[in-house]
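Some notes on the structure that comes next.
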Amino acid sequence: MSNEVLNVVWFTNVLSPDLCHKTGVPSNPYGGWLHESSRLLSNKENIKLTIISPYHKDIDIVEVGNISYLTFSHLDKLEEIILKLSPDVVHVYGTELPHSLKVAKVCSKYSLKSVFSIQGLTTICGRKDCLTSGLPFRVVFGQTLRNIIRKDSVIGLMSKFKQLAKSEIETLNLVTNVIGRTQWDRESVFSINPNLNYFHCNEILRESFYASEKWSLDSANKFQIYVSQGHYPIKGLHYMLQALRLVVDTFPETKLVVGGKNVTNESVKGIAARTKYADYLLELIEEFNLKEHVEFAGELAEDGVRKMLLSSHVSVCPSTIENSPNSVGEAMILGVPVIASYVGGVPDLLIPEKEGLCYPSNSPELLACAIKRVFSDSALANELSLSSILRANKTHSRETNTETLLSIYRDII
């Protein structure tokens, strides 16, 4: 089999930057790690890789480098597309998406070899304790006009996650093989289907983070905190703001920079797009007098994230649930000191007190304590930095993870 061409078909939920560039389709800053992973896999000898993604219109096969891309606009097209490609193995990224279940059904119907990568696990992320942790009743049940239209209030999100969880559970009970990377995702999927074949494979990060210069405390903006995103409750930005108030009391020069969607946009369009949760974040900023200490940087491209991390004193992941957040991996591989809530698969990414600092996700007091420790102890910051680089280089090794993925494909077929 090693000398034969392995025909691999991927299903991803985001369009590749290469496809967007070739076709003129607008791109977004998400999913860059998939682009690097696909590039490395496609450069392997005897690999034919096709990547399929949902889009509002069908794009027929587009060749870029060693990879073929196409999109689908309706689930009912998937069976024909898959059969036409005649894959040796189908690899679906995500178990919670509508097309995941459809692909699982097609592969089961025609006895096609397949594997499904675990990403967020909506069966757990959609639980009340994850979505509503630390939120007042009025925020959980409140709605703005945007929430009413999009049905994405906190309660609305719980309902959406519940529907996705039903599809995810059906998918996991239908498939045979899954790929995960943490004890949390392993035990979570086994709680749904204990008969699954579970394969371990860590993720590859975005390309520029490997070649980048490393973090230096001397070059960083002292007392700057970076959080990658926070526009919905699971990301825990409300806890971060509560912790920030306590940090500012000791270090008044502290500045929090938040990536992702800018909830403070004061344009008519921006105000109309606000959620009740965003309103609550703004209330906290006002209540704690943090306006001069918080900056929403907007959705940064890959190089923008890299530069923002390098300029920060510490990177914080305050989520109420995560599997293995790439935001943590990217900070670690650059050597930026990391503080992360001790949830989900985070313990598989770092050893607390050696490669990063951890705290209970619902304790802004202990988060503030961890931040102040890094701010006040340069030796600790530098020790965490060096240790995190070593760990992340191992966890996110491009060579090891590409070879592991190939080995999984060969085991499956």
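The values are calculated or read from the model by the stated rules, or taken from the named source; none is laboratory data. Remember, predicted model here, so these are calculated numbers, not experimental data. Backbone-built Cβ (ideal geometry, glycine too); neighbour counts: all protein chains shown.
Of all the numbered requirements in (1) assigned to a helix (DSSP H, G or I); (2) touching a residue at least 24 places away in the same chain (Cβ under 8 Å), S361 misses one, and that requirement is (1). Examine segment 175-187 for a residue that is touching a residue at least 12 places away in the same chain (Cβ under 8 Å) and farther than 20 Å from H200 by Cβ, and state whether such a residue exists. No, segment 175-187 contains no residue that is touching a residue at least 12 places away in the same chain (Cβ under 8 Å) and farther than 20 Å from H200 by Cβ. Within segment 79-98, being touching a Phe, Trp or Tyr at 6+ places or on another chain (Cβ under 6 Å) and surrounded by fewer than 23 Cβ atoms within 10 Å (Cβ to Cβ) holds for one residue alone: V89. With the condition kept exactly as written, say whether any residue in segment 186-204 is modelled with pLDDT of 95 or more, buried (at least 24 other Cβ atoms within 10 Å of the Cβ) and within 22 Å of G335 (Cβ to Cβ). So far as segment 186-204 goes, yes, one or more of its residues are modelled with pLDDT of 95 or more, buried (at least 24 other Cβ atoms within 10 Å of the Cβ) and within 22 Å of G335 (Cβ to Cβ). The residue list E96, E45, E63, E80 contains one member that is more than 24 Å from T182 (Cα to Cα), among the acidic types (D, E) and assigned to a loop (DSSP other than H, G, I, E, B), which is E45. If you go through segment 41-62 and keep only what is within 23 Å of L405 (Cα to Cα) and either more than 27 Å from the chain's Cα centre (by Cα) or among the aromatic types (F, W, Y) (or both), you end up with E45, N46. Looking only at segment 277-302, residues that are assigned to a helix (DSSP H, G or I) and either farther than 15 Å from V247 by Cβ or not assigned by TED's automatic domain parsing to the domain that holds Q242 (or both) come to 11 in all. Checking A340, A331 one by one, the residue that is buried (at least 23 other Cβ atoms within 10 Å of the Cβ), in contact (Cβ under 8 Å) with a residue 24 or more places away in the chain and in a strand (DSSP E or B) is A340 and no other. Just one residue in the set L357, L284, L366 is surrounded by 23 or more Cβ atoms within 10 Å (Cβ to Cβ) and modelled with pLDDT of 95 or more; that residue is L357. Remark: pairs (first residue in segment 17-33, not assigned by TED's automatic domain parsing to the domain that holds A297; second residue part of a helix (DSSP H, G or I) and of a type in the set (G, A, S); Cβ separation under 8 Å; 6+ apart in sequence or on different chains) = P17/G32. What are the residues in segment 269-312 that are under 20 Å from N221 (Cβ atoms) and among the basic types (K, R), if any? Passing the criteria: K291, R306, K307.
Only one entry in S319, S312, S324 is touching a residue at least 12 places away in the same chain (Cβ under 8 Å), out of contact with any Ser or Thr (no Cβ under 8 Å at 6 or more places or on another chain), crowded, with 20+ Cβ neighbours inside 10 Å and among the small types (G, A, S), namely S312. Of the residues making up segment 73-108, those that are under 17 Å from I412 (Cβ atoms) and among the hydrophobic types (A, V, I, L, M, F, W, C) number 9. Taken residue by residue, segment 137-150 has no member that is over 26 Å from the mean Cα position of the chain (by Cα), at pLDDT 95 or above and within 28 Å of E403 (Cβ to Cβ).
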